[in-house]
Amino acid sequence: MPIYEYRCGKCGSEFEQFRRIGDNDDDLKCPKCGKEKPERKLSATSPGGGSACGCGCGGGSKPSPPKMKIG
Ligand SMILES: [Zn+2]
């Protein structure tokens, strides 16, 4: 069972949670302030494996462009 790291976008506290692959984060809450749906960090163990780069990009061929909103 992989351990994921989460970061609360409200109070900034970081914590770890055991999550099964496929679980969504809807029921997660920040243990400090109780804010729902904390941000999942990508520094946790990768469930896929076989990635050569190990940078968390998923071993894809091309990196995804950053989502920026201009205007
Ligand atoms: Zn919080």
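Bear in mind that the values in this text are calculations on the coordinates, not laboratory data. This structure is a prediction, so every number in the text was calculated from the model and none was measured. Quick reminder, even Gly has a Cβ in these numbers, built from the backbone with ideal geometry, and neighbours come from all protein chains shown.
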How big is the convex hull of the Cα atoms of the range 1-46, per residue, in Å³? 62 Å³
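What does the charge count around Lys32 come to, taking other residues whose C-beta lies under 12 Å from its C-beta (Lys +1, Arg +1, Asp -1, Glu -1)?
That works out to +3.
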Using 0.36 nm times the number of residues separating Lys29 and Met68, minus their current alpha carbon distance, what extension gain do you get? 11.3 nm
